[in-house]
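Following: one structure in structure tokens, then a few remarks.
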Amino acid sequence: MSPGVSITGAAQVLRPPEDGLAFMRHDRAGELSAEPGSVAFEGDRIAGFEPDPTAVWQIDAQGCAVIPGFVDCHTHLPFAGWRAEEYEMKVTGVPYEEIARAGGGIRASARALARASDDAILAQARALAAEMLAHGTTTFEGKSGYGLSVEAELRLLGLAGRLAEGVPQPTATTALLAHAVPDGYDADGWMEAVAAMVPEVARATRATALDIYVESIGFTNQHLRRMGELASAHGLDLRTHVEQFNSHRSIPVALEVGARSVDHLSCLHPDDIGPLAAADCAAVLLPGAEFMGNEHVPPARELVEAGALCVLATDANPGTSPIVSMPLVIGLAVRRYGWNVLEALLAATLNAAWVLRASTDTGSLEVGKRADILLLDGPLEHIPYRLGHNPVAIAFLGGEPVWVRPDCAWRVAG
Ligand SMILES: [Zn+2]
């Protein structure tokens, strides 16, 4: 427990317009305030917004912005190894089919996973979690999905449990049981195997959500509906990878089965914007994956104006998005989506926490919430503007200064 921290004299403190909001629709992002101020916390909780001269830790925040820690609600941790050779093939024009024939793609990651020891997989994931923390991510989600067999998926979900115990950040786990069709199955046959394993996933792993990849090379809207039914039957949330490379009109199906989020949306159909914006379902956008894959830009400005519950995440994975930096994702979103910095920050904090059912505890600066807080080395507007720069000077996790950038150590006294 922290013995008391006072972050004093910040140029900007990012606050919601009122306490207790589980999320904010994006047409309200302009109601966030970023006024000069201070933040004090006691133990692991935010105690108030006045300086506390009695606090043991005194933080000089002059010229700095203070914001909630980032919540990265869509990553594929843990995984084994990387696929840099594929990236070079992709950018120099080799078609994906050829890369897949040469043994690449999701199957390459599944083979690497099968070869790697549990300890090696966990060591890589822990190192990535540390890199994420240094870039301000104080809560993250990870998915299974590179198993491609019942046994290997259960192994991965077990590793997710060990990862949760081995990293400082709170984590959430999603069972991405329908990622690619495993060898020896067709999509229908694999969905039968998934249905048979869901009870064990719900009972014996820490997964709180199911996930599915709907695409011509993956699964169909019918499988999506089935996954939604399985999720509700076992008290799990439904997350979805949809409308990434083509428009399959998966949104109406996802909304019908009560999906918590629809992720990717590069090829979102214009007719689906209104219903999605009206639903309690997050539009999770992944600008890092879009950039690395040279994908279409989703109608993100339209989603904001329609009042959707928008979210940003890294999609950190060895294939399409080897990116773990939320500041970089925010920079890409602002440029590519035509968002302002408040819109991007709302999507990277409170609304992202809502996806993980964590927004009562983190995601905004409110008295009583966990002190997951970032001190930035400049104003908010520098996050997207200084693209590639890491603006995080100090990251507090549950009130503890878990990351202090060496050149900013002078700001800490106590
Ligand atoms: Zn993904």
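Taking only region 288-322 into account, find how many residues are surrounded by fewer than 21 Cβ atoms within 10 Å (Cβ to Cβ) and touching a strand residue (DSSP E or B) at 6+ places or on another chain (Cβ under 6 Å).
1
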* Might you let me know whether region 268-287 holds any residue that is within 14 Å of the ligand (Cβ to nearest atom), buried (at least 18 other Cβ atoms within 10 Å of the Cβ) and in a helix (DSSP H, G or I)? => yes
* Asked: Scanning region 349-363 for residues that are crowded, with 24+ Cβ neighbours inside 10 Å and in contact with a helix residue (DSSP H, G or I) (Cβ under 7 Å, 6 or more places away or on another chain), which turns out farthest from residue 41 (Cα to Cα)?
  -> 363
* Asked: Just a yes or no: is a residue in region 331-347 hydroxyl-bearing (Ser, Thr, Tyr), closer than 23 Å to residue 69 by Cα and in contact with a Lys or Arg (Cβ under 7 Å, 6 or more places away or on another chain)?
  -> yes
* What is the residue count in region 138-156 for residues that are more than 16 Å from the ligand (Cβ to nearest atom) and crowded, with 24+ Cβ neighbours inside 10 Å? -> 2
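Report yes if some residue within region 36-46 is in a loop (DSSP other than H, G, I, E, B), in contact with a Phe, Trp or Tyr (Cβ under 8 Å, 6 or more places away or on another chain) and surrounded by fewer than 18 Cβ atoms within 10 Å (Cβ to Cβ); otherwise report no.
No - not one qualifying residue is present in region 36-46.
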* **Residues that are under 23 Å from residue 151 (Cα atoms), small (Gly, Ala, Ser) and touching a strand residue (DSSP E or B) at 6+ places or on another chain (Cβ under 8 Å), drawn from region 202-232** => 207, 209, 218, 228, 231
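Does residue 243 satisfy the condition of being touching a Lys or Arg at 6+ places or on another chain (Cβ under 9 Å), within 16 Å of the ligand (Cβ to nearest atom) and among the charged types (D, E, K, R)?
Yes: the conditions hold for residue 243.
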* Under the condition of being more than 19 Å from residue 278 (Cα to Cα) and charged (D, E, K, R), which residue from region 307-356 is farthest from the ligand (Cβ to nearest atom)? -> 335
* **Residue that is nearest to residue 148 (Cα to Cα), among those in region 97-120 that are among the acidic types (Asp, Glu) and under 25 Å from the mean Cα position of the chain (by Cα)** => 118
* Structure fact -> residue 244: passes all of (1) under 26 Å from residue 21 (Cβ atoms); (2) part of a loop (DSSP other than H, G, I, E, B) but (1)
* To do: Determine, yes or no, whether residue 155 is over 19 Å from residue 211 (Cα atoms), out of contact with any Cys (no Cβ under 8 Å at 6 or more places or on another chain), of a type outside the set (S, T, N, Q) and at pLDDT 95 or above.
  => no
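The values are calculated or read from the model by the stated rules, or taken from the named source; none is laboratory data. Bear in mind that the values here come from a model prediction, so they are computed numbers and not experimental data. Positions of Cβ are generated from backbone atoms using ideal geometry, with glycine treated the same way; all protein chains shown enter the neighbour counts.
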